[in-house]
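Colleague: Below you will find the structure I want to go over with you.
The values are calculated or read from the model by the stated rules, or taken from the named source; none is laboratory data. A quick note: this is a predicted structure, and the numbers were derived from the prediction, not measured. Counting neighbours? That spans all protein chains shown, and the Cβs are built from the backbone with ideal geometry, glycine included.
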Amino acid sequence: MCDLDLLSANVVAMADFASASGVSLRPHAKSHKSAFVARLQLEHGAVGLSCAKLGEAEVLVDRLIEDGYQRRVSVLLTSPIVGNAVAARASVLADRCDLAVVVDHPAGVEELAEAARRAGVEISVLCDVDVGLGRTGVLGPTEARSIAGLVRGTSHLRFGGVQGYAGHVQHVSGREERLAAARGAVDRLAVVVDALEAAGHEVPLRTGGGTGTSMLDAGLGVLNELQPGSYVFMDREYRDALGDDPEGKFHQSLTIAATVVSANQTGFVTVDAGLKAMATDAGEPLVVGQGEGVEYHFFGDEHGLVTTAGPARLERGDRIELVPPHCDPTVDRYDQMWLVRGDVVVGTADIDARGRSQ
Ligand SMILES: Cc1ncc(COP(=O)(O)O)c(C=O)c1O
């Protein structure tokens, strides 16, 4: 379930923050995978979308077009793609949107250059820089310069800038600690930007940032575009990490609806949301609005155990809401979200890119 007013408030708050800070906002669609939410973000000033995977981008672009969204969407693929066949798919997509792709290896440039030339499309290429996460990205300025040089030598690619995503910093607790870690990450990106500029490459776009650091990154003067994703839903893990910090002030707009299917025991009831209902990498979900002592515990594939303080107040058939521990991989388990205003279901939104993980 997604509370529409809370979702909209989150979308507006991040958009207002970015605009007041003079940075662009390109929210990450990997968190919601929904053209409905993407459109809300685009209509509130986002310059475009970030997508983790090509499959995600293909589906979202098509759905936005199908739904009559008029502007040509700008999409950044934030993970490198590999192989001629995938590069060819990216070139097909580049016909339907303004496509930018990150690259962290010279072969990635060659594959994309050939595919874009054959398809007669232009693709923007950003050099992905490892700023400490160690997941993807070039390790330093030398590789970045060679990638930029290669791109400049092609006919259908244009060098768009750099990406430095500090995934390892997003959930650091304590604002000062997170700020110091975020500074360390963007400093690494700045070294690469300086080296590229010194070598004569323009670096128009410097993109990165997630929910935990975007509000800090904006003041550090290196990134000029932010790509937070989870802020639209604000899962339990993020709330625990960010607490009352300004970055933590987004509303928890997403919940899993669960029904009490058995209430025969003393001290707990059994609900129909188990391991299959949510991602379990970040611990347990939060039970909404049931007061002290009412906690969820995993109880197998299909069920959850919800403790009840004192005599059971929850009864068979009662409906409870759970804030997911980790939103992205939870949303990806569902076909649709119910959109609610207060207690009223006002519509549904498809999770269009569900399962599009490649
Ligand atoms: C490259 C990149 N940018 C941005 C984000 C958004 O981060 P968050 O959901 O923490 O806001 C992610 C999330 O994993 C990411 O991988």
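Colleague: PRO325: touching a Lys or Arg at 6+ places or on another chain (Cβ under 6 Å), of a type outside the set (Gly, Ala, Ser), within 16 Å of the ligand (Cβ to nearest atom) and outside any strand (DSSP E or B), yes or no?
Modeller: In short, yes.
Colleague: Go through the residues of the range 164-185 one by one and say whether even a single one is of a type in the set (A, V, I, L, M), more than 16 Å from the ligand (Cβ to nearest atom) and buried (at least 23 other Cβ atoms within 10 Å of the Cβ).
Modeller: no
Colleague: Taking ARG313, is it out of contact with any helix residue (DSSP H, G or I) (no Cβ under 6 Å at 6 or more places or on another chain), basic (Lys, Arg) and assigned to a loop (DSSP other than H, G, I, E, B)?
Modeller: Yes.
Colleague: Quick check: anything in the range 164-181 in contact with a Ser or Thr (Cβ under 8 Å, 6 or more places away or on another chain), among the aliphatic types (A, V, I, L, M), within 29 Å of ARG39 (Cα to Cα) and modelled with pLDDT of 95 or more?
Modeller: Yes: one or more hits.
Colleague: Examine the range 198-212 for a residue that is part of a helix (DSSP H, G or I) and away from the ligand (no atom under 11 Å from the Cβ), and state whether such a residue exists.
Modeller: Within the range 198-212 (the criterion being part of a helix (DSSP H, G or I) and away from the ligand (no atom under 11 Å from the Cβ)), the answer is yes, since at least one residue qualifies.
Colleague: Can I ask one more? List the number of the failed condition for CYS327; all other conditions in (1) buried (at least 20 other Cβ atoms within 10 Å of the Cβ); (2) more than 30 Å from SER50 (Cα to Cα); (3) touching a Phe, Trp or Tyr at 6+ places or on another chain (Cβ under 7 Å) hold.
Modeller: CYS327 satisfies every listed condition except (2).
Colleague: Continuing with this model, one more query. It is to be established whether one or more residues within the range 293-303 are charged (D, E, K, R), in a loop (DSSP other than H, G, I, E, B), within 19 Å of ARG236 (Cβ to Cβ) and in contact with a Ser or Thr (Cβ under 6 Å, 6 or more places away or on another chain).
Modeller: yes
Here's the yes/no breakdown for (1) over 20 Å from ASN224 (Cβ atoms); (2) not in a helix (DSSP H, G or I); (3) not aromatic (Phe, Trp, Tyr):
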| residue | (1), (2), (3) |
| --- | --- |
| ARG117 | yes, no, yes |
| VAL131 | no, yes, yes |
| GLY149 | yes, no, yes |
| VAL172 | yes, yes, yes |
| VAL191 | no, no, yes |
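Colleague: Contact list please: Cβ distance under 7 Å, first residue in the range 54-75 and assigned by TED's automatic domain parsing to the domain that holds ASP98, second residue polar (S, T, N, Q) and crowded, with 16+ Cβ neighbours inside 10 Å, pairs at least six apart or on different chains.
Modeller: Note: no pairs meet the criteria.
Colleague: Among LEU150, LEU223, which is within 16 Å of the ligand (Cβ to nearest atom) and either of a type outside the set (Phe, Trp, Tyr) or free of Cβ contacts under 8 Å to residues at least 24 places away in the same chain (or both)?
Modeller: Of the residues listed, the single one that is within 16 Å of the ligand (Cβ to nearest atom) and either of a type outside the set (Phe, Trp, Tyr) or free of Cβ contacts under 8 Å to residues at least 24 places away in the same chain (or both) is LEU223.
Colleague: Collect the residues in the range 226-261 that are acidic (Asp, Glu) and either more than 14 Å from the ligand (Cβ to nearest atom) or part of a loop (DSSP other than H, G, I, E, B) (or both), keeping them in residue-number order.
Modeller: ASP235, ASP244, ASP245
Colleague: Name every residue in the range 2-20 that is part of a helix (DSSP H, G or I), out of contact with any Gly (no Cβ under 9 Å at 6 or more places or on another chain) and buried (at least 21 other Cβ atoms within 10 Å of the Cβ), in order of residue number.
Modeller: Hits for the range 2-20 are LEU7, ASN10, VAL11, MET14.
Colleague: Could you go through the range 302-311 and let me know if any residue there is under 20 Å from ASP3 (Cα atoms) and either more than 16 Å from the ligand (Cβ to nearest atom) or out of contact with any strand residue (DSSP E or B) (no Cβ under 9 Å at 6 or more places or on another chain) (or both).
Modeller: no
Colleague: Go through (1) more than 18 Å from the chain's Cα centre (by Cα); (2) within 16 Å of the ligand (Cβ to nearest atom) and name the single condition GLU111 misses.
Modeller: Of everything listed in (1) more than 18 Å from the chain's Cα centre (by Cα); (2) within 16 Å of the ligand (Cβ to nearest atom), GLU111 misses just condition (2).
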